[in-house]
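Everything on this sheet refers to the single structure shown next.
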Amino acid sequence: MFQVSGAKWQYAARAAVMTMMGSFGGGCFGLIFTLVKNKGRADVMELINGILGSLVSVTAGCFLYRAWEALLIGVIGAAIASATTPLFDKLRIDDPVGASAVHGACGVWGELMPLTINQGSVSSLEASEYRAGLNRLPHSDELV
């Protein structure tokens with residue numbers, strides 16, 4: 001039998017909410033991007049690639065992020081997906097649906113984010129005890 005014990009329910013809940021926050025940011029960016037680019041007409045493929053780019057970007061550290069960090073990571077992930085899909089076409093790389101651009105470029109971005117964002121808001125969770133990010137400076141009592 002499987003069960004969620006200890007603080008693991010907090011990880012699952014936080015991961016679900018932050019993943020949705022990231023996809024919301026990516027969806028908003030994707031919709032605005034396609035409406036501006038296509039002069040008021042939405043291209044569903046660009047919108048979907050923006051959402052997928054944000055999801056790929058946010059899932060590496062989804063339970064470590066705060067809401068604004070997940071939104072920002074999702075928006076930037078969608079921007080990366082929107083920029084690299086036409087770049088792959090210009091480089092004549094065969095990627096008809098943009099999967100390599102979305103998963104490759106956004107995957108690199110998403111893997112870097114848990115290292116660079118300070119996750120002080122979830123430091124009480126036992127799984128994040130040593131995952132404070134590169135930006136975390138030691139407290140004065142830790143220097144002794």
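Miscellaneous remarks
- All of Gly40, Gly61, Gly50 fail the test of being within 19 Å of Val102 (Cβ to Cβ) and either surrounded by fewer than 19 Cβ atoms within 10 Å (Cβ to Cβ) or in contact with a Leu (Cβ under 8 Å, 6 or more places away or on another chain) (or both), apart from Gly50.
- Odd one out for Thr116 among (1) among the polar types (S, T, N, Q); (2) closer than 24 Å to Lys8 by Cα; (3) crowded, with 18+ Cβ neighbours inside 10 Å: (3)
- Test: residue in the range 65-72 that is crowded, with 24+ Cβ neighbours inside 10 Å and under 11 Å from the mean Cα position of the chain (by Cα): yes
- Meets criteria (in contact with a Ser or Thr (Cβ under 6 Å, 6 or more places away or on another chain) and under 21 Å from Ala105 (Cβ atoms)) for Ala78: yes
- When each of Ala13, Ala7 is tested for being of a type in the set (Gly, Ala, Ser), at pLDDT below 95 and within 20 Å of the chain's Cα centre (by Cα), the lone residue that passes is Ala13.
The values are calculated or read from the model by the stated rules, or taken from the named source; none is laboratory data. Quick caveat, the model's predicted, so the values are computed rather than measured. Reconstructed Cβ throughout: ideal geometry from the backbone, glycine too, with neighbour counts over all protein chains shown.
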